[in-house]
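Accompanying notes for the structure given below.
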Amino acid sequence: MVLAVILAVVAFVGWRWWHNRPPYRPEALAIKSSLQFIGHEEAQAALGDKVNAPVSDGRDQLVLGRVSWQAPPKPLDGGYFAIFLIDKRTNLKPGSFSASSPLQEAVGLGSAGVENKIAERYSWLKGAGDVIEGNSWWSYGSRLAVSDGDASPLTFVAAFPYVEGPLRAVVHVPTAPVAMSDLLLALVYMGPDGQVYWAQRLQG
């Protein structure tokens, strides 16, 4: 009986190790990235005529990001790349994104509760998770999710609205003015069962 329990524990530990083991490391992708501030016309030109750039007005800021990678050694098979742009001053994600890719249908916008595990594992990616207010957790802002490894290169534009007065206290997305040194760009490889395979800091 004792031997059976020991074998079961060993088997479980071995399965868990295998289940959470990354199929490959980020170095295999040769990831490249860039960030820059641009105007609305430049943003629209970068995204192409099939994707609308975020609306901006006056003192709002637009950030153009580009992320590219080599074809992965293995298909994502239900996993995905999560791309985060985070304002390090507030640990918040932008609320407005536009993105274009050779595989447009493979790119999504939003958030997922399982991504709270990213913040738990990587202290420098605290902004990837939900925000706690009182006794509740809230999901603010968005990240980009890429479900196909062939969706490179990815071009995105994020909006940082300018907000004045008391409204700043109730806006739960990063606002202008923002400096490039305030921004963190990261790519996280998530497995099909919510495994956090790895996170790669790209900018910031």
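Values computed for the structure shown
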| quantity | calculated |
| --- | --- |
| Label-zone membership for region 89-123, site I132, 7 angstrom Cα→C-beta point, backbone N under 16 Å | 91, 116-123 |
| Cβ crowding within 10 Å averaged over residues, with 196-203, 155-162 ranked highest first | 155-162, 196-203 |
| Highest-first arrangement of 115-121, 26-32, where packing means the average Cβ count within 10 Å | 115-121, 26-32 |
| Helical mean residue ellipticity (222 nm; -39500 (n - 2.57) per DSSP H run of 4+; nearest 500) of the chain | -5000 deg cm²/dmol |
| Aspartates and glutamates with Cα under 17 Å of K88, excluding same-chain neighbours fewer than 8 positions away | E120, D130, D182 |
| Nearest 10 degrees, 0 to 90: helix 2-20 Cα axis against the chain principal axis | 30 degrees |
| Space enclosed by the convex hull of the alpha-carbon atoms of region 26-203, per residue, Å³ | 111 Å³ |
| Estimated distance in nm for a label pair at L103 and A30, the labels positioned 7 Å out from Cα along Cα-to-Cβ | 1.9 nm |
| Accessible area of region 52-204 belonging to carbon and sulfur atoms, whole % at 1.4 Å probe | 50 percent |
| Under 13 Å, Cβ to Cβ, from A99 - net charge with Lys/Arg +1 and Asp/Glu -1 | +2 |
| Greater than 19 Å apart at Cα, pairs in K50/K93; K32/K126; K93/K117 | K50/K93; K32/K126 |
| For region 26-203: accessible area per residue (Å², 1.4 Å) | 48 Å² |
| Ranked by how many other beta carbons lie within 10 Å on average, peptides 122-131, 173-182, 83-92 from highest | 83-92, 122-131, 173-182 |
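The values are calculated or read from the model by the stated rules, or taken from the named source; none is laboratory data. These figures come from a predicted structure and were not determined experimentally. Cβ: placed from backbone, ideal geometry, glycine included. Neighbour counts: every protein chain shown. For the accessible areas, the whole protein counts, side chains as well, though only heavy atoms, and no ligand, DNA or RNA atoms are used. Shrake-Rupley method; radii C 1.70, N 1.55, O 1.52, S 1.80 Å.
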